[in-house]
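Participant: The structure follows.
The values are calculated or read from the model by the stated rules, or taken from the named source; none is laboratory data. What you see is a predicted model; the values in this text were computed from it and never measured. FYI the Cβ positions are ideal-geometry reconstructions off the backbone, even for glycines, and counts take in every protein chain you see. Side chains are part of the model used for accessible areas, which takes the heavy atoms of the whole protein and leaves out ligands, DNA and RNA. Shrake-Rupley method; radii C 1.70, N 1.55, O 1.52, S 1.80 Å.
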Amino acid sequence: MRILVTSASGANGNGYGAILGFGPEGDFTGPFSSDPRIVDPRGMSLDPSGTLVYLNSGDDRILALDRHGFVVRDSGRRPGLDPGGGEFGPDGRYCVTMRRQRAILAMSPALDGEGEFLVPEGVVPFPRGFGFGHDGRLYLASGVAPSGPGDNTIVVFDRSGTLRTPRLVTDPELSPLDLKLAPNGNIVVASEWPFGAPDAVSSIREYDPDTGQLVRVLAPGRSVGFRRPRGLRFGSDGRLFCVGQDHVVAFDFATGSFVGPVVQLARLNGQALVFVP
């Protein structure tokens, strides 16, 4: 099993601007792809079959790559797309946050056509991550933008995209950067609070999907120096992985215990990760 990590560049940090590959023991194997359409890569997700890697490029486009790193699908440049995170929805469409338009766009997996907004434009100050519950509810992390505005909560929509809960979570130590639905149905969020502060606290925070109550906090060991937590991903072994600056770290989700760093690489500036055979 290989670990693929998107490393941001430019305004998102002095990273590699590439998809980087790592072996199962965290050994660096080099760039996954050299395609020039990969620019300041962000969100990334495997398609439901597990054969294609969908990638959000800072070049205002979405790409799908095979397991060898070759681009097989390309949405073409879509000015204003500014894609952040990406996940496949229950209906098989690839969904991405549009950071500038502050919405979520659902695209055909063929990456053709215009796509459809799942939620109204401008629905939150800055979308930071999202996930779909077993009942079809859409949970959207509303975080802080690099320029400052934000409200640090989770917003809930029903299957039709109608806003149901404008503020599910009220947690004074939450500043969300990514969101996933756990196998137990709870919401897990990567948080950096206060966002962007030199002494910000990095944590993974778990919430009840119905009440928004904080269930527990997963924190890496202080000696690791884990900062700027971004992409979350559950592994097939029950571990929860989080990528950030210089590291990918893992937790035993059942117990909440910190397993340790899985990957260590200077200037990683990780944004998202997936596992591929």
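Participant: Set the Förster distance to 35 Å, then compute FRET efficiency between Val72 and His134 from the Cβ-Cβ distance, nearest 0.05.
Facilitator: Taking R0 as 35 Å, the efficiency between Val72 and His134 is 0.70.
Participant: P(r) of the range 80-167 in 5 Å steps, Cα pairs, percent per bin?
Facilitator: For the range 80-167, the binned pair fractions read 3, 16, 27, 27, 17, 7, 3, 0 percent.
Participant: Mean separation of Cα pairs under 8 Å and 6+ residues apart, divided by the residue count of the range 147-277: what relative contact order is that in percent?
Facilitator: 15
Participant: I've got another one for you. To two decimal places, what compactness ratio does the range 143-277 give when its Cα radius of gyration is scaled by 2.2 N^0.38 Å?
Facilitator: Cα-based Rg divided by the globular estimate yields 1.04.
Participant: Something else now. How big is the accessible area of Thr255 in square angstrom, nearest 10, if you roll a 1.4 angstrom probe over the protein chains?
Facilitator: Near enough 90 Å² of accessible area.
Participant: Let me ask something additional. With each pseudo-label sitting 7 Å past Cα toward Cβ, what's the Arg164-Arg93 distance in nm, one decimal?
Facilitator: With each label point 7 Å from Cα toward Cβ, the separation is 1.9 nm.
Participant: Then there's this: Between the range 256-273 and the range 90-125, what is the C-alpha centre distance in whole Å?
Facilitator: That distance is 28 Å.
Participant: Applying 1/(1 + (r/R0)^6) with R0 = 30 Å to the Cβ-Cβ distance of Thr29 and Val217, what FRET efficiency is obtained, to the nearest 0.05?
Facilitator: 0.35
Participant: OK, next. Explain nothing, just the number: relative contact order of the chain, from Cα pairs under 8 Å at least 6 residues apart, as a whole percent.
Facilitator: Taking the mean separation of contacting Cα pairs over the length of the chain, I get 15 percent.
Participant: More than 24 Å apart: what percent of Cα pairs in the range 1-91 qualify?
Facilitator: Counting pairs separated by more than 24 Å, the tail of P(r) holds 15 percent.
Participant: For a Förster distance of 35 Å, can you work out the FRET efficiency between the beta-carbons of Ser257 and Thr51, rounded to the nearest 0.05?
Facilitator: Efficiency, rounded to the nearest 0.05: 0.60.
Participant: Another question, then. Considering Cα pairs under 8 angstrom that are at least six residues apart, work out the relative contact order of the range 133-186 and quote it in whole percent.
Facilitator: 33
Participant: Give, rounded to the nearest 20 debye, the magnitude of the charge dipole that the chain has about its Cα centre when Lys and Arg contribute +1 at Cβ and Asp and Glu contribute -1 at Cβ.
Facilitator: Here the size comes out at about 280 debye.
Participant: Kirkwood Rh, the chain, all Cα pairs: how many Å?
Facilitator: By the Kirkwood definition, the hydrodynamic radius is 18.3 Å.
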